[in-house]
Structure formats: structure tokens, C-alpha cells
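The values are calculated or read from the model by the stated rules, or taken from the named source; none is laboratory data. Just so it is clear, the structure is predicted and the values come from calculations on it, not from any experiment. For neighbour counting, all protein chains shown are included, and Cβ atoms are generated from backbone atoms with ideal geometry for every residue, glycine included. Note: accessible area is taken over every heavy atom of the protein model, side chains too, but ligands, DNA and RNA are not part of it. Shrake-Rupley method; radii C 1.70, N 1.55, O 1.52, S 1.80 Å.
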Amino acid sequence: MPSPRPSERRHSVRTTVVWAALQDALERAGAGSAEPARIVDIGGGTGGFAVPLAEQGHRVQVVDPSPDALAALGRRAAERGVTDLVSAQQGDLSDLGDLVDEADLVLCHGVLEMVDDPATALDTLAGVLRPGGTLSLLVAQRHAAVIARAMAGHFAAARDLLDVVPGGAPGRGGHRFTAEEVTGLLADAGFADPLVHGVRIFADLVPGSLLDLEPGASAALVELERSVAGRPEYLPLATQLHVLATR
């Protein structure tokens, strides 16, 4: 079997924590049930999560505003033989109530940053989840964004991020959240039991050349990321926060 390409190794490092948490959530939700989960992936694009979830037997509805992304999703689903389990609809988060009846699990990855009103968006997400259903929320984390801008020499931009008002209008790159802010927004929307993981705590700080050239470096970094993902003291370093919360 050929070795993974450098881009594939970096992708694995960046997504492994999210996948591990999702698998745990699906196992808990499916305990004692033979039925596949009904999953909605809002902003799911080309199916990076949707198609592998369908390969596990779940029914996945992808809602995305880009027709090109949805076309790529269709091709990927066909290549993997899961077209009967993946459906695609053009739309965005504001359309969700009209497009979705009820879901066991909703994925909202990299979408909350770009909406005008995150609180209203979370209310919409809560409205399509069945009682006891799970939201998988992946958002950009503010502290790491400040560090990244400062390290790139964009000191004024880093300073501006320090004064962002939670719930205010998104900046040029969208909203950035702290763990306290996102869990507070979830509580206000009626979600309970938030489980927060840090994503890409070290992955974006490690030179890509090291992962590409050093044997075993990617696997070791994956294990390190998984080991620190749930440690609250490392959350401020995480590029993203992954939160699982129940309705």
C-alpha cells in the first residue's frame, strides 16, 4: 500500500480529534439500537465528513450553498458507493428549518464563524435536532488566532482581536470564540452537557516539512493531539474548538 501523501498526513493530524469524538457520540447515541443515525451536515461541502459517515451506514443530508461543492459531493459519494445514503440540498443555515425534518446528529463545522448572529443560528440548529440529539460544533478559537497573527507579524490585527465583542458583527475573517463564549451560547440555546475538545493545538505550530520528512512524525503528532485535546489548560492554544452538546 502506498504511503499517504503529505497533504493527507496533515489532514489526518487536523481531523483526528473531531473524528474520535464523533465516533464516541455515535456509539453512545446508537447503544441498543440497530437503526442508523439521521445526520445533517450543514456546510458539509464536498463530503469530507458526510461520505465516511455514510460508509458506516448512516443517512447523511448535506446542506451547502455551493452547487460546485455539492456536485463534488455527488461524485465522491458515487465513487464510494453510498449515493443511496447521501442526499444534497443547496441552502445555508437560515434555510435549515425548511429543509430538515429531524436529525439525531447535526454537524456544524466552520459555519458559525460566518453568520451574522451566532445565537440565532444555534436556535435554528436546536430546532432540527430531536430531543436528546447531538450537535457537533467546530469553531475557530480566538486566543490561537491572536497568537497566529502576532507570529505572522500582523500585530495590529492581533490587537484588534483582543477587543472583539462576543456576539457582535463578524470581523474580516469571521467570528472567533473562546471556550467560555461558545459554551455560554450553547446554554442560552437550550443545549446541555457540552464536551469541549481542542483541535490543532500543536498541528499548526509544527513545521510542515517536519511532518513530510521525519518518519513517524505525523503518527506521533496525532497521538499528542489526542492526548491533550481534552485538557482545559491547552484550549487557549487550539486553532479550533470542537464541542459536542445535547439538546
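Does region 226-235 contain at least one residue that is closer than 24 Å to residue 146 by Cβ, open to solvent by less than 60 Å² (accessible area, probe 1.4 Å) and touching a Lys or Arg at 6+ places or on another chain (Cβ under 9 Å)? Please lay out each step first, then the result.
Within region 226-235, the subset closer than 24 Å to residue 146 by Cβ is 228-235.
Imposing the further condition that a residue be open to solvent by less than 60 Å² (accessible area, probe 1.4 Å) reduces the set to 228-230, 235.
Still in the running and touching a Lys or Arg at 6+ places or on another chain (Cβ under 9 Å): none.
Checked region 226-235: no residue is closer than 24 Å to residue 146 by Cβ, open to solvent by less than 60 Å² (accessible area, probe 1.4 Å) and touching a Lys or Arg at 6+ places or on another chain (Cβ under 9 Å).
Could you check region 142-247 for helices (runs of 4 or more DSSP H) lying wholly inside it with 2 or more residues that are closer than 23 Å to residue 18 by Cα? If you could, list the steps in order and put the result at the bottom.
On the way: elements: 142-151, 155-162, 179-188, 208-213, 217-228.
Helices (runs of 4 or more DSSP H) meeting the threshold: 142-151, 179-188, 208-213, 217-228.
Could you give me the residue pairs with C-beta distances under 9 Å whose first residue belongs to region 228-241 and is without any contact (Cβ under 8 Å) to a residue 40 or more places away in the chain, whose second residue is in a helix (DSSP H, G or I) and open to solvent by 20 Å² or more (accessible area, probe 1.4 Å) wherever it lies, and which are 6+ apart or on separate chains?
Partner pairs satisfying both residue conditions: 228/234; 228/237.
So, in region 70-90, how many residues would count as being at pLDDT below 95 and under 18 Å from the mean Cα position of the chain (by Cα)?
Residues in region 70-90 being at pLDDT below 95 and under 18 Å from the mean Cα position of the chain (by Cα): 0 in total.
Among 139, 86, 128, 100, which is the only one that is within 30 Å of residue 237 (Cβ to Cβ) and touching a helix residue (DSSP H, G or I) at 6+ places or on another chain (Cβ under 9 Å)?
Answer to the check: 139.
Restricting to region 184-194, count the residues that are touching a helix residue (DSSP H, G or I) at 6+ places or on another chain (Cβ under 7 Å) and either crowded, with 19+ Cβ neighbours inside 10 Å or at negative phi (or both).
Start the filter on region 184-194 by keeping residues that are touching a helix residue (DSSP H, G or I) at 6+ places or on another chain (Cβ under 7 Å), which leaves 185-186, 188-191, 194.
Among the residues that remain, those that are also either crowded, with 19+ Cβ neighbours inside 10 Å or at negative phi (or both) are: 185-186, 188-189, 191, 194.
Final tally of qualifying residues: 6.
Among residues belonging to region 204-225 that are open to solvent by less than 30 Å² (accessible area, probe 1.4 Å) and under 21 Å from the mean Cα position of the chain (by Cα), point out the one that is nearest to residue 178 (Cα to Cα).
225
Taking the criterion of being surrounded by fewer than 17 Cβ atoms within 10 Å (Cβ to Cβ), at pLDDT below 95, under 21 Å from the mean Cα position of the chain (by Cα) and more than 22 Å from residue 111 (Cα to Cα), would at least one residue in region 153-170 satisfy it?
no
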